[in-house]
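Right, one structure below, let's go through it.
Just so it is clear, none of the values below were taken in a lab; they were calculated from the coordinates. This is a predicted model, so every value here is computed, not measured. Note that each Cβ is placed from the backbone with ideal geometry, even for glycine, and that neighbours are counted across all protein chains shown.
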Amino acid sequence: MESRSEGERAHRLSLVVNSFLAVMKLAGGVLAGSPALVADGAHSLADVAAGGVAWLSFRWASQPPDEDHHYGHGKAEAAAGLFVGLVLIVAGVGVLWDSFSITAPVYSRSIGAVALSAAAISLAANEWLYRVTRRVGLHLASQSLLALARDNRSDALTSILVLVAVTASMLGLGWVEPLGTGVIGAMIGFLGWESVKHGLDVLMDRAPDPQMRARIHTIAGRIDGVEGVQKVDIHPLGSQVRVDMEISVDGDLEVRKGHAIAHEVERAVTQAEEGVVEVAVHVNPAETPSAG
């Protein structure tokens with residue numbers, strides 16, 4: 001319950017901060033006539049919409065299994081990560097497209113200072129938000145929070161580009177800002193693709209750790225009474241994992257004894273592998289060599 005509360009706080013914090021930054025950057029960009037800052041503000045506005053969906057998915061994913069969702073609702077977070085990524089891709093393509101029609105801006109010293117101040121505040125806030133959401137996301141293995149963390153890092157990087165572009169324009173290098181705006185769009189789209197890829201991996205049951213199968217195979221093989229491990233399948237459930245496996249035991253053992261061995265395998269795997277919440281063990285009789 002405490003972990004869920006921590007995740008809830010991180011999602012709310014992301015929504016509040018991004019809402020403030022979106023208003024600040026859009027207002028500052030329009031006031032200063034900075035296309036790069038307006039593009040960055042539009043990115044933050046998209047973050048607010050995506051963040052709302054991510055928060056709802058986090059709450060949904062924490063719901064226990066029911067009659068219609070026998071394995072729980074964990075993949076809701078992966079779907080939200082996919083949605084966040086798609087929003088970023090659309091926003092990135094839009095910013096990149098608009099960059100080709102931007103007229104190089106000219107700033108007075110005071111107006112340039114407004115744009116620089118907004119970009120500097122955005123940089124500091126997004127880098128701080130990135131660290132908070134990434135820490136909580138890794139702790140909870142939350143796909144929605146990790147997607148938001150990548151988005152916050154992209155915001156921090158784009159704010160650096162805005163600082164460079166506005167400074168260059170103030171120095172008479174007006175062509176830098178349209179170019180910087182295009183780079184911002186490309187970066188937003190690339191980071192969106194990263195979130196789409198992570199979401200698809202979970203939705204298509206890609207194993208979160210390529211080495212997990214080998215480790216589980218070794219763990220099960222060390223249990224007394226296990227004579228072989230025939231299959232280990234890893235099934236992601238959002239931020240958690242279910243394992244389906246087959247082991248073989250002496251065919252002459254009593255059913256009760258084989259059942260106890262299966263439970264010992266389950267206990268060993270869930271204790272050794274963080275994130276594994278369920279292990280289904282099918283017991284087969286070990287093949288005996290035929291008589292000579």
Once fully extended, how much extra length lies between E274 and R256, figured as 0.36 nm per residue of separation less the alpha-carbon to alpha-carbon distance?
3.6 nm
Report, in order of residue number, the helices in the chain meeting two criteria: a C-alpha extent of 15 Å or more along the helix axis, and a mean Kyte-Doolittle hydropathy of at least 1.0; treat each whole DSSP H run as one helix.
75-99
Among A39, A207, A149, which one shows the highest mean-square fluctuation when the chain is modelled as a Gaussian network with alpha-carbon springs under 10 Å?
A207
Computed D for the stretch 141-292, Stokes-Einstein, Kirkwood radius over alpha-carbon pairs, 25 °C, 0.890 mPa s, to the nearest µm² per second, is 127 µm²/s
Over all distinct Cα pairs, what is the inverse of the mean 1/r for the chain, reported as the Kirkwood hydrodynamic radius in Å?
21.4 Å
Taking one equal scatterer on every alpha-carbon of the stretch 212-285, how large is log10 of I(q)/I(0) by Debye at q = 0.14 1/Å?
-0.38
Compare G28, G81, G258 in a GNM of the chain, Cα atoms joined below 10 Å, and give the one with the largest fluctuation.
G258
Report the far tail of the P(r) of the stretch 142-195, meaning the percent of Cα-Cα pairs longer than 12 Å.
64 percent
Top of L253, L26, L163 by mean-square fluctuation, Gaussian network on the chain, Cα under 10 Å:
L253
In whole percent, the Cα-Cα distances of the stretch 159-240 spread across 10 Å bins from 0 upward as 15, 24, 17, 15, 13, 10, 5, 1
GluC sites (Glu not before Pro) within the stretch 187-292: which are DSSP loop residues with at most 14 other Cβ atoms inside 10 Å?
E254, E274, E287
Out of the DSSP beta bridges found with both residues in the stretch 212-285, what percent are antiparallel (nearest 5)?
50 percent
The answer for chymotrypsin sites (Phe, Trp or Tyr not before Pro) in the stretch 161-232 that fall in a DSSP coil and have at most 13 neighbouring Cβ atoms within 10 Å is W175
